[in-house]
There are 4 protein chains.
Amino acid sequence: MSKKISTVILGASGYTGAELLRLLQNHPAFEIVALTGDSQAGKPVDAVYPHLRGRNLPALVKHTEVDFSNVQLVFCCLPHGTTQQIIAALPAHVKIVDLSADFRLFDPKAYAEWYGHAHQAVELQKNAVYGITELNRHAIQPARLVANPGCYPTSILLPMVPLVEAGLVVPTSISANSLSGISGAGRSAKQEMLFTELDGGVSAYGIGKHRHMAEMEQQLTAAANQEIAISFTPHLVPITRGMLSTIHATLAEGSTVEAVRAALTTRYAGEPFVTVLADGAPTTHQVRGTNQCVMSVHAGRQPRELIIISVIDNLVKGASGQALQNANLMFGLPETTNLELTAVFP
Amino acid sequence: MSKKISTVILGASGYTGAELLRLLQNHPAFEIVALTGDSQAGKPVDAVYPHLRGRNLPALVKHTEVDFSNVQLVFCCLPHGTTQQIIAALPAHVKIVDLSADFRLFDPKAYAEWYGHAHQAVELQKNAVYGITELNRHAIQPARLVANPGCYPTSILLPMVPLVEAGLVVPTSISANSLSGISGAGRSAKQEMLFTELDGGVSAYGIGKHRHMAEMEQQLTAAANQEIAISFTPHLVPITRGMLSTIHATLAEGSTVEAVRAALTTRYAGEPFVTVLADGAPTTHQVRGTNQCVMSVHAGRQPRELIIISVIDNLVKGASGQALQNANLMFGLPETTNLELTAVFP
Amino acid sequence: MSKKISTVILGASGYTGAELLRLLQNHPAFEIVALTGDSQAGKPVDAVYPHLRGRNLPALVKHTEVDFSNVQLVFCCLPHGTTQQIIAALPAHVKIVDLSADFRLFDPKAYAEWYGHAHQAVELQKNAVYGITELNRHAIQPARLVANPGCYPTSILLPMVPLVEAGLVVPTSISANSLSGISGAGRSAKQEMLFTELDGGVSAYGIGKHRHMAEMEQQLTAAANQEIAISFTPHLVPITRGMLSTIHATLAEGSTVEAVRAALTTRYAGEPFVTVLADGAPTTHQVRGTNQCVMSVHAGRQPRELIIISVIDNLVKGASGQALQNANLMFGLPETTNLELTAVFP
Amino acid sequence: MSKKISTVILGASGYTGAELLRLLQNHPAFEIVALTGDSQAGKPVDAVYPHLRGRNLPALVKHTEVDFSNVQLVFCCLPHGTTQQIIAALPAHVKIVDLSADFRLFDPKAYAEWYGHAHQAVELQKNAVYGITELNRHAIQPARLVANPGCYPTSILLPMVPLVEAGLVVPTSISANSLSGISGAGRSAKQEMLFTELDGGVSAYGIGKHRHMAEMEQQLTAAANQEIAISFTPHLVPITRGMLSTIHATLAEGSTVEAVRAALTTRYAGEPFVTVLADGAPTTHQVRGTNQCVMSVHAGRQPRELIIISVIDNLVKGASGQALQNANLMFGLPETTNLELTAVFP
């Protein structure tokens, strides 16, 4: 292919934008032609991200300055809410991977309920595809607009959707406790995200009402073919990257821990980015900087109690890595293109 | 009182020993007369703990060098297993607060099952009292031997025992996910506890089989008056001190989140070391270095789902602080003596 | 004394204010009658600092709401620049410990040069006393206005002023590299102070031009009785509290490392808050949460090379602890009142 | 090239070994044929390093089990002292990059003095080449045995050797303060390297006598053509990876900060792994996981005072990355092969 696919990152000055820039270095097919960052417009990338110095990247511009007529791919890393109208205004030939939450909920009522305002692009919403690659590959491949999932849902749905579909767990029994690295909160200056406020301590937040519950319930409801409410408690831990979800569920009548492990192992055999451990449990260290999800399956002490541990890097498989995996898929490239990464450990 | 209570710390060279030394500084009634640390015997305390320089403390000795004939109080900070015979050999007049796990399980069969060997001091075990102060004050006050509870059980039983006793939750439904600071692993040199192995990541461990489950089940079974199995998953997070437990349970028929909050608030009104929040959720920062347990009560999205967040400092209320609280109680002193601490924040 | 000294903290919602609140708990002589925090006025302290819940402290008010007619002591924790006019407006009977940089430089020209604007209270400046307690006790005791020193200068001047005064080092040769915990940057929301920007890395800043150089040069010039320029490079390290200064100097002709150690040991014998080690070197862990400065003296490999390591907690001896030490002194109390703290370690 | 260069890593179970494994993934020319780790022999790599699961690597063996007859390249990651005899026993056709300190000092007397015992392979020592690639490329290219430099020397010599050679600084005036990530201490279980001992604090160590001083003095002495003693103070900071050196020196008569910056900029123009900043100062974040050294040049306030800040990743440019760079060079490959890495930030 002599001509590369011209690619734009909207909102490149945030952490998911920076991570896309890392992953797109020397990509054989995607060529970055514009980077937007409205508040940083005019600055070179290395003024915002010194670790990207010398990478021959275009300077940041306002999104209104971009000519999309020859653009083929847009990664949208804008904050939720602002995204809908910008995406709605893109020419029809542009394919989009949206990393915000704006197109993840297919029901406009659910969107309004969880996000507090009416959806601004309801027509477009209808054509969006939910983008956990391994679970939705056939729909993502031909899609124009992929709603890249949240980090928490990625870590939880990868193990649980196959189990719910296979009837191996009681679908109404799912309870997830997740630990997230701080980078999930983005790069905005907020007092509660200062080093001094987070170092040396942990906390739970969004208890019983985190917005990612909506997309998890939507996907689990579809998998179970019955209305599912999830129990979910996110926590902030003082690490920059990484997410660990500890998921409890009740085994279905007749199901066993071994059957669950076997089902997940079979389901993900051959998947380059999902590993089901035969024994032991994963730590987030082993996926840091990579597009991997590693999970393990355990018995609890309560009757029919199942425990699953699932780890990802929230900025990679939980955001920009999966976005690139989806884009690779949408353009007919091997999904693993530029994503065969080894964790940086220690 | 002109004469102070002569006090010995066995195993003073570990973290719980060091924390007791901090808390006993200028104690009006307890006077440290000996510190043992078999592998460090002969060294001054500040060779082991430079932060205790200049505190006028006795040098470390072997425990066989201590003359217990005039000793009135022993804090035992030895590793589990080694403790039983040493405590069994103490003169009858000595009161003991044991911070190990050795006397927490009243059933010798349960001990053998969880700890892998027969109990060495079964007769003594019969007289041990489980030492969560707020839940067992009347038994602790006259006791000779108090089994100081584990850190995880303290953070979980403080909220859950009153709720089980009051019939406000389904006692078989309790599921706890806990995050622990690394100091809980002690001061022994182990590869997996190196800075480089823990910094920047999180992990679960002891999944479905952590030894603290045994004492939690023992106490919950007593409170429920029925056999209870607990779901419990501990995690290591890269902080030195602090513990946060996220506890899920099903509300009993007719119970409500508000009723649970009210019951806990009433139960702990007047307790100097337990706080039930009216709103919001606690972080471990706010109890760091203190003997406080702070908890909050929340509704989940599943039917009758209750979520409780409970935080302590694992080395204080989870170990040495509660040990001192118990000792104060055993000697008729105000429980708060030397424990009115303000968290060091930031 | 039946009546306590009525005390106000201006700017109580920042970290130095919070630290003063911690240190003033149960102070036998100082009673907090008002706390100001203009942007947080109206809120209870525990809304801003949950770790201070239940401490019976007054709610935050605007500083204009405080009636100073019966106030005897003011701790001023306001940002520099805003402080001068507020302090100038206080009634003459009020004694003041100012933790800002506003009154540290006695020469209005130096102030204007380093801070970029003319001093607003030049008359008052004349009566300010520089407040490193151990070095200036006789002037601080009767002072009305004490300029509490910066954290870097405290860690560097405590060892170096006595050596310069005694002629043991070449005064023009002093070069200090300091590592600071992040709390020194305060509690304002700034992108560069986010957890994600600081975790896992280190940096130097203010290279060759940090404002604390001005007060160090002022004090060293006075000690040397000749114009001194200092070499100083501050660094940010990912810890919340703590400061370590590594100071290099050339020994004066005929001086030795042993003579330097002996001189410092003699100078600080009997000082409750300064320790000169006989061997080894200190870490910041051993002073965390305390008002201690611990220093050590070493030989380098270059001819007549002296190396001194000095550690403090930047929020205690480097700010609020020394402020309380000064206030104790100004009101005729033992300097150690409420400052006999043991480090929280681990 | 149809046949790859067969490569062995001795001591692959430590951190520099693991880092080599990361960097050698998919290397176009080097093929790993054996990994040794005497205490871990028999285990698969992922038992020691879970983040390397699924990488198709040979299991660990004892070094005596390796047949070196067809081996072309050995990376030696053994602890110093053990290395000399093992390397001396390798067949003559094997090229070696030794990451230990064993062959860095060319003078056996200096070795004995700094390391406390006589060198065991003095003949071999004569043929070893000191391996800072950018400074010694012509000698490294044809060498059989390259002594890969220490991390501290790499960060300090890269800026200082060219300045000393050019006569731009007074060579006897060099004073370096360095901050090191903890991974530099290796993976052995030591109490002082526990998370709990290091988290939240900083310390200096090896003051005036760190072994890396020997190799720095050797190289600076050669550059200056006069005997040089260096002032050097290393510090441990609670980060896993990264090194920052703050270097002070006196400008030579007639030299200026601008001349120094220009000289370094010219010297390293075209070097893929060394960057001289035009303004600002680097942080270790921007080189984490990469083979970069980034430096900046500043004026101090003292007469003719020069300050240089230099950052590397201690495990990459400070160890395994430079080792691979040297190996690439020794085998006629582009130095950048498998080393064009982007920092993982945040």
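I need the full set of residues from segment A:240-268 which are within 18 Å of B:Tyr205 (Cα to Cα) and part of a loop (DSSP other than H, G, I, E, B), in order please. Hit for segment A:240-268 is A:Gly242, nothing else.
Considering the conditions (1) more than 22 Å from D:Ser231 (Cβ to Cβ); (2) open to solvent by 20 Å² or more (accessible area, probe 1.4 Å); (3) out of contact with any helix residue (DSSP H, G or I) (no Cβ under 6 Å at 6 or more places or on another chain), D:Arg187 is excluded by exactly one of them, (3). Restricting attention to segment C:129-143, the residues that are open to solvent by less than 10 Å² (accessible area, probe 1.4 Å), among the hydrophobic types (A, V, I, L, M, F, W, C) and out of contact with any strand residue (DSSP E or B) (no Cβ under 6 Å at 6 or more places or on another chain) add up to 1.
Please work out which residue is nearest to the chain's Cα centre (by Cα), limiting yourself to segment D:190-207 and to residues that are β-branched (Val, Ile, Thr) and more than 19 Å from B:Arg187 (Cβ to Cβ). Full working, then the answer.
We begin by selecting, within segment D:190-207, every residue β-branched (Val, Ile, Thr); these are D:196, D:202, D:207.
Okay, now just the ones that are also more than 19 Å from B:Arg187 (Cβ to Cβ), so D:202, D:207.
Numbers: D:Val202: 23, D:Ile207: 20 Å.
Selected residue: D:Ile207.
If we keep just the residues of segment C:200-217 that are in a loop (DSSP other than H, G, I, E, B) and touching a helix residue (DSSP H, G or I) at 6+ places or on another chain (Cβ under 6 Å), which is farthest from the other protein chains (Cβ to nearest Cβ)?
So in segment C:200-217, the residues in a loop (DSSP other than H, G, I, E, B) come out as C:200-202, C:205-211.
Those still in the list that are touching a helix residue (DSSP H, G or I) at 6+ places or on another chain (Cβ under 6 Å) too: C:201-202, C:211.
Working: C:Gly201: 4, C:Val202: 5, C:Arg211: 12 Å.
Going through the qualifying residues, I end up with C:Arg211.
Restricting attention to segment D:269-278 and to residues that are assigned to a loop (DSSP other than H, G, I, E, B) and either without any contact (Cβ under 8 Å) to a residue 24 or more places away in the chain or among the basic types (Lys, Arg) (or both), the residue that is nearest to the other protein chains (Cβ to nearest Cβ) turns out to be D:Leu277. Here A:Glu197 qualifies as within 14 Å of another protein chain (Cβ to nearest Cβ), buried (at least 22 other Cβ atoms within 10 Å of the Cβ), among the charged types (D, E, K, R) and not in a loop (DSSP other than H, G, I, E, B). For segment B:108-137, the candidate set comprises residues that are among the small types (Gly, Ala, Ser) and in a helix (DSSP H, G or I); within that set, the residue that is farthest from B:Thr266 (Cα to Cα) is B:Ala112. Considering only residues that are out of contact with any Phe, Trp or Tyr (no Cβ under 6 Å at 6 or more places or on another chain) and small (Gly, Ala, Ser), look in segment C:124-148 and name the one that is nearest to C:Ala89 (Cα to Cα). The extreme case among them is C:Ala143. Checking each residue in segment D:144-160 for being touching a residue at least 60 places away in the same chain (Cβ under 8 Å) and open to solvent by 10 Å² or more (accessible area, probe 1.4 Å) picks out only D:Cys151.
Here is a yes/no grid of residues against (1) under 22 Å from C:Ile307 (Cα atoms); (2) touching a Phe, Trp or Tyr at 6+ places or on another chain (Cβ under 6 Å); (3) modelled with pLDDT of 95 or more:
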{"site": "C:Tyr152", "(1), (2), (3)": "yes, no, yes"}
{"site": "C:Ala176", "(1), (2), (3)": "yes, yes, yes"}
{"site": "C:Gly181", "(1), (2), (3)": "yes, no, yes"}
{"site": "C:Gln226", "(1), (2), (3)": "no, no, yes"}
{"site": "C:Ile239", "(1), (2), (3)": "no, no, yes"}
{"site": "C:His248", "(1), (2), (3)": "yes, no, yes"}
{"site": "C:Glu253", "(1), (2), (3)": "yes, no, yes"}
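State whether one or more residues within segment C:172-189 are assigned to a strand (DSSP E or B), within 12 Å of chain D (Cβ to nearest Cβ) and over 21 Å from the mean Cα position of the chain (by Cα).
Of all residues in segment C:172-189, those assigned to a strand (DSSP E or B) come to C:175-180.
Next, only the ones that are within 12 Å of chain D (Cβ to nearest Cβ) stay: C:175-180.
Keeping just the survivors that are over 21 Å from the mean Cα position of the chain (by Cα) gives none.
Within segment C:172-189, not a single residue is assigned to a strand (DSSP E or B), within 12 Å of chain D (Cβ to nearest Cβ) and over 21 Å from the mean Cα position of the chain (by Cα).
Scanning segment B:164-184 for residues that are open to solvent by 30 Å² or more (accessible area, probe 1.4 Å) and under 15 Å from D:Asp199 (Cβ atoms) gives a single hit, B:Gly184.
Can you confirm whether D:Ile86 is of a type in the set (Val, Ile, Thr), within 22 Å of the chain's Cα centre (by Cα) and under 25 Å from D:Thr290 (Cα atoms)? Steps first, answer last, please.
Values: of a type in the set (Val, Ile, Thr): yes; within 22 Å of the chain's Cα centre (by Cα): yes; under 25 Å from D:Thr290 (Cα atoms): no.
Taking the combined requirement at face value, the residue does not satisfy it.
So how many residues does segment A:299-345 have that are more than 15 Å from the chain's Cα centre (by Cα) and within 30 Å of B:Pro171 (Cα to Cα)? The qualifying residues number 11. The condition of being out of contact with any helix residue (DSSP H, G or I) (no Cβ under 9 Å at 6 or more places or on another chain) and of a type in the set (A, V, I, L, M, F, W, C) holds for only one of D:Phe273, D:Phe331, that being D:Phe331.
When you go through D:Ala222, D:Ala229 one by one, which is the residue that is facing chain C (nearest Cβ under 10 Å), surrounded by fewer than 19 Cβ atoms within 10 Å (Cβ to Cβ) and outside any strand (DSSP E or B)?
Working: D:Ala222 fails: facing chain C (nearest Cβ under 10 Å).
So the residue among D:Ala222, D:Ala229 that is facing chain C (nearest Cβ under 10 Å), surrounded by fewer than 19 Cβ atoms within 10 Å (Cβ to Cβ) and outside any strand (DSSP E or B) is D:Ala229.
Within segment C:233-267, being more than 7 Å from chain D (Cβ to nearest Cβ), touching a residue at least 40 places away in the same chain (Cβ under 8 Å) and hydrophobic (A, V, I, L, M, F, W, C) holds for C:Leu236, C:Met243, C:Ile247, C:Ala249, C:Leu251, C:Ala252, C:Val257, C:Ala259, C:Val260, C:Ala263, C:Leu264. A Cβ distance below 6 Å, combined with a sequence gap of six or more or placement on separate chains, defines the contacts here; from segment C:1-21, residues that are of a type in the set (Phe, Trp, Tyr) reach residues that are in a helix (DSSP H, G or I) and surrounded by 21 or more Cβ atoms within 10 Å (Cβ to Cβ) in the pairs C:Tyr15/C:Ser183. Residues that are at pLDDT 95 or above and on the phi > 0 side of the Ramachandran plot do not occur anywhere in segment B:49-70.
Tell me, which strands (runs of 3 or more DSSP E) wholly within segment C:10-106 include 2 or more residues that are more than 14 Å from chain B (Cβ to nearest Cβ) and open to solvent by 10 Å² or more (accessible area, probe 1.4 Å)?
On the way: elements: C:30-36, C:73-76, C:95-98.
Qualifying strands (runs of 3 or more DSSP E): C:30-36.
Quick one: in segment D:279-315, of everything that is open to solvent by 20 Å² or more (accessible area, probe 1.4 Å) and in a strand (DSSP E or B), which residue is farthest from A:Leu52 (Cα to Cα)? So, considering only residues that are open to solvent by 20 Å² or more (accessible area, probe 1.4 Å) and in a strand (DSSP E or B), the one farthest from A:Leu52 (Cα to Cα) is D:Ala299.
The values are calculated or read from the model by the stated rules, or taken from the named source; none is laboratory data. Remember, it's a predicted structure, so these values are computed and weren't measured experimentally. No Cβ is skipped: glycine too gets one built from the backbone with ideal geometry, and neighbour counts run over all protein chains shown. Quick note on the areas: whole protein, heavy atoms, side chains included, nothing else; ligands and nucleic acids left out. Shrake-Rupley method; radii C 1.70, N 1.55, O 1.52, S 1.80 Å.
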